[in-house]
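Colleague: Please find one structure pasted underneath; my questions will follow.
Please treat every number below as a calculation from the coordinates, not as lab data. Small disclaimer: the values here were computed from a predicted structure and weren't measured. Positions of Cβ are generated from backbone atoms using ideal geometry, with glycine treated the same way; all protein chains shown enter the neighbour counts.
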Amino acid sequence: MSTSFPIGVKQGGAAQAAPRSWKRRFAFYALNLVLFLHLVAVCAAPMSVQPSSRLQQNLWLVMSPYVQLLYQNNGFHFFAPNPEGAYSVLYTVELADGSTQDGKFPNRQIFPRLLYHRHFMLSEFLGSLEGREQEQLTRDFARRLCEKYGAEKVSISLQWHDLALRERILAGGTLYDEDLYQVTPLGTFTWDELSASADENSSVTSAE
């Protein structure tokens, strides 16, 4: 009477692994090599941002065509290696009955996140401007706020929130310590003067 055994098992119960073909071994090592090189390429983008070593810069020169082809370096230069603080716009509107209302953008109540990001980019853009360009954009913001609230007057300020360093947190500080904030008043505007200059070229598209 003959007895059959599973493939890879000798008579007597001793297991014997089936030899792996050279094609499978080649595919295994090739896949791991590709994954390793992809990881190196993705890491090369943030590592090349100054301050960086000559080796890191040369690595970026070699890997940059591949990284840029796959668009894998999006945002690295914005967040690394030392991200900065952020701007917010503070405002106080005065209504026709004399009451006031304070506001800020961006804020956590803005939803969805795409709309929050829109407000965030508006405040950052305002903070990046100077002189006449900043004044014109501030007036555009003021006009939009007056229209939104039906206000007679609006005061606008630009707030800079610096990042808390590691040493501050270890010493018991917080991300929201008062000395991390700097507020710069940008002006107070009445609806009469804003509406009179409504023919100016408005550079703001409504975010609402």
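Colleague: Would you kindly state how much longer the chain becomes between Ile169 and Val62 on full extension, computed as 0.36 nm times their sequence separation minus their alpha carbon distance, in nm to one decimal?
Modeller: Computed gain between Ile169 and Val62 is 34.6 nm.
Colleague: Over all directions, how big on average is the projection of the convex hull of the alpha-carbon atoms in the stretch 86-196, in square nanometres? Write down the numbers at each step before the final one.
Modeller: On the way: hull surface 33.4 nm².
Convex hull of Cα atoms, orientation-averaged projection: 8.4 nm².
Colleague: If you don't mind, there's one more thing I want to ask. Please turn the phi angles of the stretch 128-143 into ³J(HN,Hα) values with the Karplus equation 6.51 cos²θ - 1.76 cosθ + 1.60 (θ = phi - 60°), one per residue in order, whole Hz, x for glycine and proline.
Modeller: Taking θ as phi minus 60°, the curve returns 7, 8, 9, x, 4, 5, 5, 4, 5, 5, 4, 5, 5, 4, 4, 4 Hz for the stretch 128-143.
Colleague: Assuming 0.36 nm per residue, please report the length gained on full extension of the stretch Thr100 to Tyr176 beyond their Cα-Cα distance. Spell out each step's value before the answer.
Modeller: On the way: separation 76, 0.36 × 76 = 27.36 nm, distance 2.53 nm.
Using 0.36 nm per residue and subtracting the Cα-Cα distance, I get 24.8 nm.
Colleague: Rank the residues Thr188, Thr92 as a footprinting-exposure proxy: fewest other Cβ atoms within 10 Å of their Cβ go first.
Modeller: Thr188, Thr92
Colleague: At what distance in angstrom do the alpha carbon centres of the stretch 123-189 and the stretch 82-114 lie from each other?
Modeller: Taking the Cα centre of each part, the stretch 123-189 and the stretch 82-114 sit 9 Å apart.
Colleague: Quick one: order Met63, Met47 by neighbouring beta-carbon count within 10 Å, fewest to most.
Modeller: Met47, Met63
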